1. Given R₀ = 22 Å, FRET efficiency for residue 175-residue 22 by Cβ-Cβ distance, to 0.05?
2. According to a simple spin-label model (label point 7 Å from Cα along Cα-to-Cβ), what is the distance in nm between residue 59 and residue 151?
3. Which of the GluC sites (Glu not before Pro) found in region 79-153 are in a DSSP loop and have at most 13 neighbouring Cβ atoms, other than their own, within 10 Å?
4. Tell me the mean residue ellipticity at 222 nm calculated for the chain from its helices only (DSSP H runs of n ≥ 4, each -39500 (n - 2.57), averaged over every residue, nearest 500).
5. Near the amide H of residue 38, under 5 Å away, which other amide H atoms are found, from residues 5 or more places off or on another chain, if H is placed in the peptide plane?
6. Rank 40, 164, 76 by mean-square fluctuation in a GNM of the chain with C-alpha springs under 10 angstrom and give only the top-ranked residue.
7. Cα axis of helix 17-29 to longest principal axis of the chain: angle in degrees, 0 to 90, nearest 10?
8. Give me Rg over Rh for region 107-155, both radii from the alpha carbons and Rh done the Kirkwood way, two decimal places.
Amino acid sequence: MTKVAIILGSTRPGRNGEAVANWVFDIASKRDDAEYELVDLKDYNLPHLDEALPPSLGQYSQPHTKAWAEKIASFDAFVFVTPEYNHSTSGALKNAIDFLYAEWNNKAAGFVSYGSVGGTRAVEHLRLIMGELQVADVRSQVALSLFTDFENFSVFAPGAHQEDTLNATLDQVVAWGGALKALRAGQAA
């Protein structure tokens, strides 16, 4: 079965992303098309990139990098839950992505973003990053507005239509994640 990580891409105290990621996981858990796991960056406590060699070499020296690599390697696809900070994704998520290379390759990704304009600019940057990492990003995405999907900009209350959008995103992530397994299997042979 396809394994999908729902990656909570904020480590900020009082983060809105925790409620968003739990919502994604709750909806995903009702589906029977994949195994879903919530992966919180906060649990990995990654410092600023501290590996001497480029991630593309796969020669990790730090225990935190090895644990992160093992976790990410175990998935076929990802749903990134990202805030938008200063027209981009969070520094914590970008840093976590930059720690690895091969563990991301030939997998699928979808995005659930939030911010004043739905986090869409953060997703634009993530799509560029995914291209460099050989991750196939799907078209559908969930863009949550701090004005309409949160009360007082902090209490998550998504519009009813957002669940349909999330399910469309998950449909694409699971389909692409499954399809890319064959590519990864061919490279391992």
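Rule-based calculations on the coordinates, nothing more; no lab input. Being a predicted model, the structure only gives us computed values, none of them experimental. As a convention, Cβ positions derive from the backbone with ideal geometry for all residues, glycine included, and neighbour counts pool all protein chains shown.
1. 0.35
2. 5.6
3. Here no GluC sites (Glu not before Pro) fit, given the DSSP loop and packing criteria.
4. Calculated at 222 nm, the ellipticity per residue is -12500 deg cm²/dmol.
5. Here the answer is 6, since their amide H atoms fall under 5 Å of that of residue 38.
6. Of the options given, 164 has the highest mean-square fluctuation.
7. The angle comes out at about 80 degrees.
8. Numbers: Rg = 12.3 Å, Rh = 11.4 Å.
The Rg/Rh ratio comes out at 1.08.
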